[in-house]
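The structure appears right after this line, and notes come after that.
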Amino acid sequence: MKNELVIKIFSSIAQILELQEVPWKPQAYHKVVRIIEGLTEDVEDIYHREGLPGILNLSGVGDNLGKKIEEIILTGKLEYYDKLKKEIKIDIDELSSIPTLGPKKIKYLYAKLNIKNAEDLKKAILQQKLRELPGFGAETEKKLLEGIAFIRSKPKRFLYAQALPIVGELTSALKNLEGVDQIEVAGSFRRGQETVGDLDFLVISKKQEIVMKHFTSLPQVKEIIAHGLTKSSIRLDNGMQVDLRVVKKKELGSALNYFIGSKAHNVELRKLALKKGFTLSEYGLFRHTTPKRWVAGRTEEEIYHKLKMQYIPPELRENTGEIAAALQHHLPKLVTVKDINGLFHTHTLWSDGNSSILEMTKKAELLGMKFISFADHYSTMGITNPLNEKKLDQYLKEISHVQKTSKIRIFSGAEIDINKDGDLVIPRHRLKDLDVVIASVHSSLQMREEEITSRIMKCLKNWDIHILGHPTNRLIQERPPIQANLEHIFQEAKDRGIFLEINTQPSRLDLNGQNIRKAGELGCRFTISPDAHSLQGLETFPLGILQARRGWLKKKDLVNSWNISKIEKEFSL
Ligand code: DGT
Ligand code: CA
Ligand code: CA
Ligand code: ZN
């Protein structure tokens, strides 16, 4: 399991190189980080199966960085990185994790005030030293102090996408073991939560001793936290804790129900069971008589059935109304991965993506899609190599050209920056040349609530756009959401028939389940948007389906499930 390590080392290298003002190189490292973040498989597995060529086959990974990935896989470290770290005296990882603090400022603060880490920075702010520097007012000091508090309050949780390959690996390691009849993953992972604290597995087996011995001696185990007959816990190399419980076949349903959680859902469900004359525990559903009589527990379905309610999908089990809805048989029929016909929001070589229009189209086809929609950046600042008016015609020409030989429908489009004033940075008359217009905020994320809300509202009101890209701009555990009044924005999007994006980049997942549900209740509709910059990036779309399900969405709420003529009609300006 090396994805996280590669990501950590490469991000860190990119930051150091940025600080040293090395041109181009940082971009290359960032690019590879994005590719690996988008992988649904571990680079180590790819390497063991296909060797270095397998790594070099990941689009965007060149010889030099490919060999560095190989070194990390084989040795767990990278000499080049250790050397760089020695050269630089600043704790770049810590400082750059503070929101609003970029490499330029870090460098400047080191030069002026000898600030090497967050603690130095905090001291300098408290002594009001920063406000004397040009470009650093009292407001900046306040923001940075909040930023330091933000990184320090950050709980150590893993992204869902980081857990995904681990769950796959552990499942196959345990599934084939002698005496294991069935294996299930429970906990927050099974509920499709955007982050997971630890992993919870259940197995059915009569050979507890063998199972536990095998589990605690897996090669990935760094530390054995507990070793028992029915429950063991281990810690993996990357720090993640994994709990394993062995249960009886007759109890699997009730144990799953308990360990899938959430805790809040369990508590309510138990109360309900009591009201109906039962007791519910991880061992089963029992009639509340003396002696207690077992009535259900083999499957989760039979437990919900005996309680005279609908089966509740794990993604909904957060005690936010799902129990009442299930009792009234009013749960929505949730959208599934199979309902998805195509993908929105993909980048190519025409802006900061790693693959061509043709390659991305073929990949979408391989994934079973009937359409793909391109959205290269149209920007006047910040983003590398954006589209501009001059490039736009050639870009559209290439899309038409690829369409001629493609089996799937290709929608043209662009992801256009919303500037500070709430306008799109494209001449208005060019919008009609695009099938799909995505408007996104990429800069000035720090604006106060009224400012940033009216900025986005203005864009939604005055411009003909189809999709609002990554509406809150949060990066999970890295960057807080923008301060906008989402309810106003959702309402405006609904009134103007603008779709809200469910961005499926693993650390964005933006909108998330909660916000999707709020917007859905207001009548909004949504797109699943991988925001892919590589072929692998396209594979992240199922992460968005989990969020959509956590947001109680049905098939028809997602444009991606519509047929092509309906989309064409809806999107024609
Ligand atoms: P995590 O690991 O923080 O991402 O969240 P979970 O939901 O996976 O929580 P975890 O691993 O502590 O426990 C797994 C499930 O076990 C949890 O979702 C519900 C159940 N559970 C744990 N502790 C309790 C408890 O004290 N009461 C009840 N009713 N259920 C519990
Ligand atoms: Ca857990
Ligand atoms: Ca646990
Ligand atoms: Zn974007």
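Some notes on this structure:
- Selection status of S443, in contact with an Asp or Glu (Cβ under 8 Å, 6 or more places away or on another chain), within 30 Å of I151 (Cβ to Cβ) and outside the structural domain of I35 (by TED's automatic domain parsing): yes
- When the residues of segment 182-196 are filtered to those that are more than 17 Å from L509 (Cα to Cα) and free of Cβ contacts under 8 Å to residues at least 60 places away in the same chain, the one that is nearest to ligand 2 (Cβ to nearest atom) is V185.
- Residues being in a helix (DSSP H, G or I) and among the small types (G, A, S) - total across segment 1-60: 6
- Test for I36: is it open to solvent by less than 40 Å² (accessible area, probe 1.4 Å) and at pLDDT below 90: yes
- Residue within segment 180-203 that is open to solvent by 10 Å² or more (accessible area, probe 1.4 Å), more than 15 Å from ligand 1 (Cβ to nearest atom) and part of a loop (DSSP other than H, G, I, E, B) present: no
- Test result for N114, closer than 30 Å to E539 by Cα and either open to solvent by 50 Å² or more (accessible area, probe 1.4 Å) or modelled with pLDDT under 95 (or both): no
- Test: residue in segment 518-525 that is touching a residue at least 24 places away in the same chain (Cβ under 8 Å) and open to solvent by less than 10 Å² (accessible area, probe 1.4 Å): yes
- Here is the figure for segment 204-220: residues that are among the small types (G, A, S) and surrounded by fewer than 19 Cβ atoms within 10 Å (Cβ to Cβ) total 1.
- Strands (runs of 3 or more DSSP E) wholly inside segment 388-492 that include at least 1 residues being open to solvent by less than 70 Å² (accessible area, probe 1.4 Å) and charged (D, E, K, R): 409-411, 413-417
- Condition met for A255 (within 25 Å of T216 (Cα to Cα), open to solvent by less than 20 Å² (accessible area, probe 1.4 Å), of a type in the set (G, A, S) and in contact with a Leu (Cβ under 9 Å, 6 or more places away or on another chain)): yes
- Of all residues in segment 26-46, one or more are acidic (D, E) and farther than 24 Å from E359 by Cβ.
- Tally of residues being polar (S, T, N, Q) and in contact with a strand residue (DSSP E or B) (Cβ under 7 Å, 6 or more places away or on another chain) across segment 406-425: 1
- Output for segment 415-429, where each listed residue is out of contact with any Cys (no Cβ under 6 Å at 6 or more places or on another chain) and closer than 23 Å to T527 by Cα: E415, I416, D417, N419, D423, L424, V425, I426
- Checking each residue in segment 224-238 for being open to solvent by 30 Å² or more (accessible area, probe 1.4 Å) and closer than 20 Å to D42 by Cβ picks out R235, D237, N238.
- Taking residues in segment 106-121 that are in a helix (DSSP H, G or I), and partners anywhere that are of a type in the set (D, E, K, R), the pairs with Cβ atoms closer than 7 Å and at least 6 places apart or on different chains are Y110/K116; L113/K129; A118/E94.
- Scoring T320 on the criteria (1) under 24 Å from I426 (Cα atoms); (2) among the polar types (S, T, N, Q); (3) in a loop (DSSP other than H, G, I, E, B) leaves a single failure, condition (1).
- Among the residues of segment 499-522, those identified as touching a Gly at 6+ places or on another chain (Cβ under 8 Å) and part of a strand (DSSP E or B) are E501, I502, N503.
- Test: G179 is at positive phi and away from ligand 3 (no atom under 16 Å from the Cβ): yes
The values are calculated or read from the model by the stated rules, or taken from the named source; none is laboratory data. If you're wondering where the values come from, they're calculated on a predicted model, not measured in any experiment. A quick note on method: Cβ atoms are made from the backbone with ideal geometry, for glycine too, and the neighbour counts reach across all protein chains shown. Heavy atoms of the whole protein, side chains included, go into the accessibility calculation; ligands, DNA and RNA do not. Shrake-Rupley method; radii C 1.70, N 1.55, O 1.52, S 1.80 Å.
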